[in-house]
Each structure stands twice: as structure tokens, then as C-alpha cells.
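The values are calculated or read from the model by the stated rules, or taken from the named source; none is laboratory data. Note that the structure is a prediction, hence the values are computed from the model and not measured. Cβ placement follows ideal geometry from the backbone for every residue including glycine, while neighbour counts extend to all protein chains displayed.
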Amino acid sequence: MATDKNHTGGLEARIVDAARQLFIERGFVGTSMSDIASRAGINRPTLHYYFRTKERMFDAVFGGIVGTLVPRVKNIVLQPDRPIGERVASVVDAYYDVFGANPGLPMFIVREMHRDFDGVVRTIMEMRLGQYIESVRQGLQGEMDSGRLRQVPMRYLFLTFYSMLTMPFVAGNLCRTVLL
């Protein structure tokens, strides 16, 4: 029986991996359940047994992506004894490790935020990241209050930081062609 469970878990992981590859390559709109089944090497009824809708499949993929990155960043950010510069450098390294291994990921995130911002926020909130986000906000506010960071609205700080992390990957071809 354990073998069946391991086989089932392996098949589900294969399906999620196939969906992740396709969603990153083509986005939600450009990917069909048939595409996912084909990439996973299974038929559609088997796919629908595991994931009844494309939305559920997408939620599993996006949640997995966020779940890979967030714990690394969380562990870095929530070290108040480390200087802010060291924490920022470590966060940049963590993002670049993940994005370097998955170069299509930043564009995927940007594309999906544009397509369904509320859905992306819902997925993040379902992962119970509110406490983590609040801890990050408080830490940054503390740095601003102490004068180590300039006082700016928090949304601008997050947007600027995330943009600086993702833009080299989103505009990678432009950078390679024009700037290098």
C-alpha cells in the first residue's frame, strides 16, 4: 500500500511539474489542461482526478512557487540583529538563486499579477503570509524610524525592491542585446 501512495505522490508531483513548466512558458491563458496532461504523459481523466480545474492546478503551481521562495526570504528578513545591508544582500542572493534556476519565473509572476492580481493576492493570503508580511513591514519601518533607511511609503519600497530584483530577468534579452 505504501508503494501505491508513493506512486500516487510521484504522479501528482509529475503533473504539478509539467503544469509549472507550461504556466511559466505560456502563462495561465496560453496553457490548457490537455497541454498539461500531454506534458505529464497522462490522459485528461487522470489529470482531472488530481486537479478538477485549471484554476486549482494553477493555485497548486503558484502556491508551490511562492512557498519555495518565501521561507528563504522570511528567515533572512526576520533577523533583526543583522544589519539591514546584510539582510538586503542576502534577500537579493535568495531571489537570484531561485530566479537564476528558473529564468522564466519573474515574467510568469509579472504576467499573472497583471492577469489576476486579486487571485495572486488570494493565493498569498491563503498561505498565511500576513504575519510574515507584517513582520517585514515592522522591520523596515523600524529601520526608517532609526534613520538607517529613508522614510518612504512602504508600498513604494516593496515595489521598487521587487522591480529591481525581477527586471534583469524580465528584460534579460533586451539587456543582453542592447547593453552588453
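Checked against (1) within 26 Å of G27 (Cα to Cα); (2) out of contact with any Leu (no Cβ under 8 Å at 6 or more places or on another chain); (3) of a type in the set (A, V, I, L, M, F, W, C), V88 passes all but condition (1).
In this structure, does R150 turn out to be out of contact with any strand residue (DSSP E or B) (no Cβ under 7 Å at 6 or more places or on another chain), modelled with pLDDT of 80 or more and not in a helix (DSSP H, G or I)? Spelling it out, R150 is indeed out of contact with any strand residue (DSSP E or B) (no Cβ under 7 Å at 6 or more places or on another chain), modelled with pLDDT of 80 or more and not in a helix (DSSP H, G or I). Tell me which residues, restricted to the range 83-98, are surrounded by 14 or more Cβ atoms within 10 Å (Cβ to Cβ) and not β-branched (V, I, T). R87, S90, A94, Y95 - these are the residues of the range 83-98 that are surrounded by 14 or more Cβ atoms within 10 Å (Cβ to Cβ) and not β-branched (V, I, T). For G27, the requirement of being on the phi > 0 side of the Ramachandran plot and not aliphatic (A, V, I, L, M) is met.
Residue pairs whose Cβ atoms lie under 6 Å apart, sitting 6 or more positions apart in sequence or on different chains, and linking a residue in the range 143-170 that is without any contact (Cβ under 8 Å) to a residue 12 or more places away in the chain to a partner that is assigned to a loop (DSSP other than H, G, I, E, B), are M144/Q151.
Take E126 and decide whether it is in the same structural domain as T160 (by TED's automatic domain parsing) and surrounded by fewer than 18 Cβ atoms within 10 Å (Cβ to Cβ). Yes, satisfied.
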